[in-house]
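As structure tokens, the structure follows; a few thoughts come after it.
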Amino acid sequence: DMVNAIIDENHDIWTPEFQESVIQKIRKGVTLEITYAKDCLPQGVLGLNSDMFKEYVQYIADRRLEKLRLPKQYNSDNPFPWMSEIIDLRKEKNFFETRVTEYQTGGALQW
């Protein structure tokens, strides 16, 4: 991971003040994303509402913070495990060694 390599090579830039600044910027980004979701989905749509989107954005923010070796801020669960599975499987892999996911997303909508 490039950011952690830079941090490891330049300990002097990764001060507690800088770490707090990174956390606050991520928190601000989460707040903006949640506001956007509420504006775009005031009523929600089939299988998605602003509360679910809020939890997902918080979950992703916590993953990014952990990747930077910073503490989680939200402790949210992933309301869309199928989405993470699809995103994580997008990396190049042998077709015969991976699960097919394109046919599984319809069931996640809970008709």
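The values are calculated or read from the model by the stated rules, or taken from the named source; none is laboratory data. All values reported here derive from a predicted model rather than from experimental measurement. With ideal geometry, Cβ positions are generated from the backbone for all residues, glycine too; neighbour counts draw on all protein chains shown.
A quick yes/no check of all residues on (1) at pLDDT 95 or above; (2) within 13 Å of the chain's Cα centre (by Cα):
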position: Asp12; (1), (2): no, no
position: Cys40; (1), (2): no, no
position: Ala61; (1), (2): yes, yes
position: Glu66; (1), (2): yes, yes
position: Tyr74; (1), (2): yes, yes
position: Glu85; (1), (2): no, yes
position: Lys93; (1), (2): no, no
position: Arg99; (1), (2): no, no
position: Gly107; (1), (2): no, no
Report summary line: Only one of Val30, Val45, Val57 is exposed (fewer than 12 other Cβ atoms within 10 Å of the Cβ) and aliphatic (A, V, I, L, M), namely Val45
**Report entry** Candidate set from the stretch 5-19 (those that are in a helix (DSSP H, G or I) and β-branched (Val, Ile, Thr)); member that is surrounded by the most Cβ atoms within 10 Å (Cβ to Cβ)
**Finding:** Ile7
Requested in this report: Output yes when any residue across the stretch 61-83 is surrounded by 15 or more Cβ atoms within 10 Å (Cβ to Cβ), in a loop (DSSP other than H, G, I, E, B), in contact with a strand residue (DSSP E or B) (Cβ under 8 Å, 6 or more places away or on another chain) and not basic (Lys, Arg), and no when none is.
Outcome: no
Report summary line: Checked pairs for the stretch 40-56, first within 11 Å of Ser76 (Cα to Cα), second part of a loop (DSSP other than H, G, I, E, B), C-beta under 6 Å and 6 or more apart or across chains, list as Met52/Pro79; Glu55/Ser76; Glu55/Pro79; Tyr56/Pro79; Tyr56/Phe80
